[in-house]
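Enquirer: So that we are looking at the same thing, I have put the structure below in structure tokens.
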There are 2 protein chains.
Amino acid sequence: MATSQRTVFFGRFVSTPTPDAYLIQHGAILVDRNDGHGVIAKCVWDDSLDAEQLDKVCARLGVEVEDIRLVKCNENGFFFPGFIDTHIHASQYPNSGIFGKSTLLDWLTTYTFPLEASLKADPEVVATNGNTVNGTNREDVEQVVKKQKTDPLARARLVYDKVISRTLSYGTTTASYFATLDVEATNLLADLAFMKGQRAYIGRVCMDHPETCPEYYRDEGPDETVQKAVANIEYCQQVDPSGELVAPIVTPRFAPSLHFESLCRLGKLAQERDLRVQTHISENVGEVAWVKELFPECESYTAVYEKSGLLGSKTILAHGIHLDDTELDMIRSRGSKISHCPSSNSALGSGFCQVRRLLEKGIDVGLGTDVSGGYSCSTLDAVRQACLVSRQLGYVKGGDKKWNIGVAEGLWLGTVGGASCVGMAGKLGGFEKGMIFDVQEIELGVAGSQNSGPVDIFGWEKLEDRVDKWVWNGDDRNVSRVWVGGRLVHERK
Amino acid sequence: MATSQRTVFFGRFVSTPTPDAYLIQHGAILVDRNDGHGVIAKCVWDDSLDAEQLDKVCARLGVEVEDIRLVKCNENGFFFPGFIDTHIHASQYPNSGIFGKSTLLDWLTTYTFPLEASLKADPEVVATNGNTVNGTNREDVEQVVKKQKTDPLARARLVYDKVISRTLSYGTTTASYFATLDVEATNLLADLAFMKGQRAYIGRVCMDHPETCPEYYRDEGPDETVQKAVANIEYCQQVDPSGELVAPIVTPRFAPSLHFESLCRLGKLAQERDLRVQTHISENVGEVAWVKELFPECESYTAVYEKSGLLGSKTILAHGIHLDDTELDMIRSRGSKISHCPSSNSALGSGFCQVRRLLEKGIDVGLGTDVSGGYSCSTLDAVRQACLVSRQLGYVKGGDKKWNIGVAEGLWLGTVGGASCVGMAGKLGGFEKGMIFDVQEIELGVAGSQNSGPVDIFGWEKLEDRVDKWVWNGDDRNVSRVWVGGRLVHERK
């Protein structure tokens, strides 16, 4: 047995198995990668455990000292479950922070479609994200063009490589990605995620309606839509036959962008092959009215997905801001999930998702960064924004504190909630025996020391407050190491 | 003449002299520190200027090459006016991100007063920010206690040193600080700001009402309040007799915390000595009702300050969320300013400041981080949050885009708007002849390179989009150098 496959993680472990408080534990966790999954084989929680007495630690875990590798949490830090980003457009990453004064529908045509369309195999692709190139950038652009001549997917590779590295550096161990219409580039995203070791659901975006999609960026019709979806699905399943790390996800962009026939055939496809589904729902008031106009035979936005067979227990619906009670009941009864994307909702002025109402209905809710409607690919930022917008919503609702998402609850949404959304409830998001070890190590600086990172700890803060301080001011500098399935996939430089 | 006193800054300069767009200029600026202020002596804007031909640049500026020091902006960056934080509680910095589920009034008593009260000369001060100390932090705390024995102000020194360094590192060249009731510790803040070279207004906090302030943290009554205010004012004026860099600011905490007599005597003091004033106004619905109760003879919150003589053209009112039209007219007619603190308002669920309405009334508005009601001491974060909450406000107001604060306007509030608030309109916030050179150098990374910072530039973005990307994802890693009055006061490690 290769000793390096068994690892003992030692130190302080913080998690949020429930939304109301942090669970803070001290002890050791045994992860055995011989199982192929990186599952937690055993936990020992005991404040008196000391890593200096490794033999005693190992005895409690039932392993021999020489059979394991020890990973000690740093003194000023703690292990925390990896974040799960339930909604992110990998292809839009270069546009992070670029949305001007737009709201959803004009943002799509002005910023989003041109960039997405440019991520495909094409030696002549230059800068086509709606911008003219000014003199100062010419050299950078020429370099990309040059690379494209030898590697037609250079541009897609640059973007996808970067977004995976970045999200890993922010502690995102699982991401549900929208890519683009291009099969080859979307397949590349699957390759890169697998190679870099991020748990990733890869969605080739489907859109084919000539009246709602630009001519330069749509499939020809239902046949091509389904055929290309299948091509990407089968490629992803080749990349990772287990489907544990990388798996396909059926991705109709949103109801307006597809023929009803396409929606139905994608629904059938997902059901037949038991696949995950992701799409958008009820993000923007104008969009909701548009859907009503486009699908007069459906009584609601949700009903469009229900009738097309897309509303299943493996379906992630992004946003869900303007849903009525009937729709929520329908979503609940089908077991579909909602990805709450607070940064994006504020940035595009879409409205306030009533997270408390969704949770009270019994709907699973996770967090999404929604890059680049959201400006940041950091799920920690999404946690912050979820807390902030909930308090603003509370203000709008007359100051009722019931709407408040507390900090622990925000983290719970970004881990446990996310796990439910991606069909990994009980497998991701915590430190219990049998769960997969997808974990980030958080390190907090001490005020007065050099390079202490963005969070200043003064020494007198109790641990709960330190965690709060991390949430509000932390960034990638606080993420020292990241593991997915027990495999080290990121180490801070 | 010491050559090092004359500096030529060369490269790209971005600023927001108007709220609607970026002004992007290329050229050179001559700053002559022999004047004692670091004023811009001359600007030459010319895209064809080349720093390699320094003799030509100098000829255009009317100086000799051997008489100047050249500071070149880095290739991927630009100079930007330093930020002006018009409302920040220096003493609350250690509590950044700690506010639990509180709103304004319980937040004050639970988190804020205990921490503020602990920042004073006392060899026995330990951890008194409302927290018990758990085992893991004992050593840190013991160190602070040990330091206090030889330096009774060790705790205050640690906190104030850190908050000045941090805000400088975020590009804040000017800050209007609330300190605490303690004169000695507040004087120390003045010393440290002067030493570190940050432009700072130093406010010894005044509160003395026995029914509204805790017994452990209030002045005895009007006499002590005014006497201690004067002591700090005169100390600050000794530290910097010019009042250019460091100056006192009269700081009644807010109406509820003072006897009406104290408010009036502080108002008189400010008028007699022609001093700046800062306080809070109309932050929280409960607070507004409380003020009405406490001051039944005044027709509004604003009227309390008006009647006590505190509402002058040098007065900064923080928050100003729930003001009615009569109050706004009163504020406008007195020329008082409003510090908009979006992060704090969201974090404490205080409401939405209607910035557009204030601006349309003709009131000067700047941004405040409001640490630690606000969780971050970064004014760039305040810019982001100002943009976000304005879009949420627009949503609440039925989707009217007029409420939107655009990115350029957010930056304008954080520079030009702030300058108006602190009585430095036309002197700070831009790159014009005669303005003071308070400037940050912004550096943006290139995707694919190592250590590129938090903002990924792909090469095809036009400059305006790069600035947007900086605003939305930038942090202190993008601030490579900071100058105040032409003096280098921060350099990124």
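The values are calculated or read from the model by the stated rules, or taken from the named source; none is laboratory data. Computed from a predicted structure; not experimentally measured. Here the Cβ positions follow ideal geometry from the backbone for every residue, glycine too, while neighbour counts run over all protein chains shown.
Enquirer: Of everything in the stretch A:450-473, what is more than 9 Å from chain B (Cβ to nearest Cβ) and touching a Gly at 6+ places or on another chain (Cβ under 8 Å)? Give them in sequence order.
Expert: A:Ser452, A:Gly453
Enquirer: Can you spot a residue in the stretch A:180-190 that is part of a helix (DSSP H, G or I), under 21 Å from the mean Cα position of the chain (by Cα), buried (at least 17 other Cβ atoms within 10 Å of the Cβ) and in contact (Cβ under 8 Å) with a residue 60 or more places away in the chain?
Expert: Yes - at least one qualifying residue is present in the stretch A:180-190.
Enquirer: Can you find even one residue in the stretch B:402-409 that is surrounded by 24 or more Cβ atoms within 10 Å (Cβ to Cβ) and more than 14 Å from every other protein chain (Cβ to nearest Cβ)?
Expert: No; the residues of the stretch B:402-409 include none that is surrounded by 24 or more Cβ atoms within 10 Å (Cβ to Cβ) and more than 14 Å from every other protein chain (Cβ to nearest Cβ).
Enquirer: Moving on to the next point. Return the residues of the stretch A:367-380 that are within 9 Å of chain B (Cβ to nearest Cβ) and of a type outside the set (Gly, Ala, Ser); say none if nothing qualifies.
Expert: Answer for the stretch A:367-380, where residues must be within 9 Å of chain B (Cβ to nearest Cβ) and of a type outside the set (Gly, Ala, Ser): A:Tyr375, A:Cys377.
Enquirer: Residue under question is B:Glu287, and the condition is that it be part of a loop (DSSP other than H, G, I, E, B), under 22 Å from B:Val371 (Cβ atoms), in contact with a strand residue (DSSP E or B) (Cβ under 9 Å, 6 or more places away or on another chain) and not β-branched (Val, Ile, Thr); does it hold?
Expert: Judged against the criteria, B:Glu287 is not a match.
Enquirer: Out of everything in the stretch B:47-77 that is of a type outside the set (S, T, N, Q), surrounded by fewer than 14 Cβ atoms within 10 Å (Cβ to Cβ) and in a loop (DSSP other than H, G, I, E, B), what residue ends up being modelled with the lowest pLDDT?
Expert: B:Glu75
Enquirer: Still on this structure: Could you identify the single residue in B:Pro152, B:Pro114 that is outside any loop (DSSP other than H, G, I, E, B) and either crowded, with 17+ Cβ neighbours inside 10 Å or modelled with pLDDT of 95 or more (or both)?
Expert: Going through B:Pro152, B:Pro114 in turn, just one is outside any loop (DSSP other than H, G, I, E, B) and either crowded, with 17+ Cβ neighbours inside 10 Å or modelled with pLDDT of 95 or more (or both): B:Pro114.
Enquirer: For B:Asp140, work out the one condition from (1) within 30 Å of B:Val31 (Cα to Cα); (2) modelled with pLDDT under 90; (3) among the charged types (D, E, K, R) it doesn't fulfil.
Expert: (1)
Enquirer: A further question follows. Against the condition among the small types (Gly, Ala, Ser), away from chain A (no Cβ under 14 Å) and under 19 Å from the mean Cα position of the chain (by Cα), how does B:Ser176 come out, does it pass?
Expert: Answer is yes for this residue.
Enquirer: Counting only residues that are within 14 Å of chain A (Cβ to nearest Cβ) and closer than 20 Å to B:Gly97 by Cβ, give me the helices (runs of 4 or more DSSP H) lying completely in the stretch B:316-366 with at least 3 of them.
Expert: In the stretch B:316-366, the matching helices (runs of 4 or more DSSP H) lie at B:342-347.
Enquirer: Still on this structure, I have one more. Looking at the stretch A:450-467, is at least one residue polar (S, T, N, Q), in contact with a strand residue (DSSP E or B) (Cβ under 9 Å, 6 or more places away or on another chain) and part of a helix (DSSP H, G or I)? Talk me through it step by step, then tell me what you get.
Expert: Start the filter on the stretch A:450-467 by keeping residues that are polar (S, T, N, Q), which leaves A:450-452.
Now drop any that are not in contact with a strand residue (DSSP E or B) (Cβ under 9 Å, 6 or more places away or on another chain), which leaves A:451-452.
With the extra rule that they be part of a helix (DSSP H, G or I), the set shrinks to none.
No, that holds for no residue.
Enquirer: Could you run through the stretch A:301-355 and say how many residues are without any contact (Cβ under 8 Å) to a residue 24 or more places away in the chain and touching a strand residue (DSSP E or B) at 6+ places or on another chain (Cβ under 7 Å)?
Expert: Looking only at that region, the number is 0.
Enquirer: If B:Gly399 meets every condition in (1) more than 12 Å from chain A (Cβ to nearest Cβ); (2) among the small types (Gly, Ala, Ser); (3) over 24 Å from B:Asp106 (Cα atoms) apart from one, which number is that one?
Expert: Only one criterion is unmet by B:Gly399, namely (1).
Enquirer: To continue, here is another question. Among the numbered conditions (1) crowded, with 20+ Cβ neighbours inside 10 Å; (2) among the hydroxyl-bearing types (Ser, Thr, Tyr); (3) in a loop (DSSP other than H, G, I, E, B), tell me where A:Thr7 comes up short.
Expert: Failing condition for A:Thr7: (3).
Enquirer: Residue under question is B:Arg466, and the condition is that it be in contact (Cβ under 8 Å) with a residue 40 or more places away in the chain and of a type outside the set (Phe, Trp, Tyr); does it hold?
Expert: Judged against the criteria, B:Arg466 is not a match.
Enquirer: Answer yes or no as to whether A:Ser336 is buried (at least 21 other Cβ atoms within 10 Å of the Cβ), among the polar types (S, T, N, Q) and over 20 Å from A:Ser378 (Cα atoms).
Expert: Values: buried (at least 21 other Cβ atoms within 10 Å of the Cβ): yes; among the polar types (S, T, N, Q): yes; over 20 Å from A:Ser378 (Cα atoms): yes.
The answer is yes for A:Ser336.
Enquirer: Further question: Can B:Tyr160 be described as surrounded by 24 or more Cβ atoms within 10 Å (Cβ to Cβ), out of contact with any Gly (no Cβ under 9 Å at 6 or more places or on another chain) and hydroxyl-bearing (Ser, Thr, Tyr)?
Expert: yes
Enquirer: Specify the residue that is surrounded by the most Cβ atoms within 10 Å (Cβ to Cβ); the eligible residues are those in the stretch A:241-292 that are charged (D, E, K, R) and within 14 Å of another protein chain (Cβ to nearest Cβ).
Expert: Quick first cut of the stretch A:241-292, residues charged (D, E, K, R) only: A:244, A:253, A:261, A:265, A:268, A:272-274, A:276, A:283, A:287, A:292.
Now narrow it down to the ones that are within 14 Å of another protein chain (Cβ to nearest Cβ): A:283, A:287.
Numbers: A:Glu283: 28, A:Glu287: 24.
Checked the stretch A:241-292; the qualifying residue surrounded by the most Cβ atoms within 10 Å (Cβ to Cβ) is A:Glu283.
Enquirer: Report the residue count in the stretch B:80-101 for those that are outside any helix (DSSP H, G or I) and within 12 Å of chain A (Cβ to nearest Cβ).
Expert: Looking only at the stretch B:80-101, we keep the residues that are outside any helix (DSSP H, G or I), and these are B:80-89, B:96-101.
Next, only the ones that are within 12 Å of chain A (Cβ to nearest Cβ) stay: B:96-101.
Residues that pass the stated criteria total 6.
Enquirer: Sticking with this structure for a sec: For A:Asp370, work out the one condition from (1) touching a Gly at 6+ places or on another chain (Cβ under 8 Å); (2) at pLDDT 95 or above; (3) acidic (Asp, Glu) it doesn't fulfil.
Expert: Just one mismatch for A:Asp370, condition (1).
Enquirer: Are there helices (runs of 4 or more DSSP H) fully within the stretch A:377-429 with at least 1 residues that are of a type in the set (Val, Ile, Thr)? List them.
Expert: On the way: elements: A:379-396, A:407-412, A:418-421.
Passing ranges, in order: A:379-396, A:407-412.
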